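One structure is given below, encoded as structure tokens.
Read the figures in this text as sums done on the coordinates, not as results from a lab. Nothing here was measured: the structure is a model prediction, and the numbers come from that model. Quick reminder, even Gly has a Cβ in these numbers, built from the backbone with ideal geometry, and neighbours come from all protein chains shown.
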Amino acid sequence: MKTEKVAEHIIKWLKEYAENTKIKGFVVGVSGGIDSALTSTLCAKTGFPTLCVGLPIHQAASHVSRAEEHIRQLKNNFKNVSDVNVDLTTTFENFKKAVPTEVSSAKVDLSLANTRARLRMTTLYYLAGLHSYLVIGTGNKVEDFGVGFYTKYGDGGVDLSPIADLMKSEVYELAAFLGVPNSIQKAQPTDGLFGDSRTDEAQIGASYDELEWAMRMENKGQSENDFSGREHEVFKIYTRLNNINQHKMTPIPVCKIPTKLK
């Protein structure tokens, strides 16, 4: 990848979109992870006001400290960067008290994990509305168009997706080039939605390197029968997630009414 050229291309794309739509700036949720760190850095480099938002909900201290380190770095280097921290823990706990939970604990846990992401999305749009900004997505290509590893109308609810055509490995490459803090570059990827230390790999069953390989193989027309051992297992994981998460990746189905019925 031509790292410098890719960075320049994304920054130009963001600037031109902002200028053409007459918006005043960008809002980015900053989690302490590599994707949000790269995205907020690219936004900062446009020169447009960039609001970095911390949105902790029972967040691990390491996640918070990495996010704070990154935001400090951005504010030291870019005068157009500001930040706000919105602790949604109490809001989340109040939500839990208000909804029924008389179902399996696994379903409750997953639904509440997705609720965290949706509370954050709502907050980002609230702040965007106050300032006439756009909410910027932080999903990469593997997550958004490979396995659908995000929350529909949560972290998937955004106005622009500047890094969604980058593989995870390319995200790391670009983040290193732009000087994202080492603590973030070295951290294990995690969505932080369950209030524990589980990683993305533990949830998915495969690493991002493995998922990238499977995505490339599928694009070449390969199938799981073409592989054995670990490769077969990874390809099966990838295709299963890709299939069940198509509802996230394709436009909302619209029931078209035939003209003769109108």
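Observations, loosely collected:
- A Förster radius of 45 Å, combined with the Cβ-Cβ distance separating residue 84 from residue 260, puts the computed FRET efficiency at roughly 0.25.
- Each label was represented as a point 7 Å from its Cα along the Cα-to-Cβ direction; for residue 22 and residue 250 these points are 3.7 nm apart.
- 31 Å Cα-Cα threshold exceeded, pairs from 22/141; 152/260; 24/248: 152/260
- The local environment of residue 222, defined by Cβ-Cβ distances under 11 Å, has a net charge of -2 under the rule Lys, Arg +1 and Asp, Glu -1.
- Potential lengthening of the chain between residue 196 and residue 9 amounts to 63.7 nm, from the contour at 0.36 nm per residue minus the alpha-carbon distance.
- Here the contact order of the chain, divided by its residue count and restricted to Cα pairs under 8 Å and six or more residues apart, works out to 20 percent.
- Kyte-Doolittle at least -0.5, axis length at least 18 Å by Cα - qualifying DSSP helices, the chain: 105-131
- Percent of Cα-Cα distances greater than 16 Å, calculated over the stretch 183-249: 53 percent
- Under conditions of 4 °C and 1.567 mPa s, the chain yields 66 µm² s⁻¹ as its translational diffusion coefficient, taking Rh as the Kirkwood radius over Cα pairs in the Stokes-Einstein equation.
- Stretching residue 126 away from residue 178 to a fully extended chain increases their span by 15.8 nm, per 0.36 nm per residue minus the current alpha-carbon distance.
- Farthest positive-ward along the chain dipole, Cα basis, beta-carbon charges - from 136, 60, 177: 136
- Charge dipole (the stretch 205-252, unit charges on Cβ, about Cα centre) - positive-most of 251, 229, 211: 251
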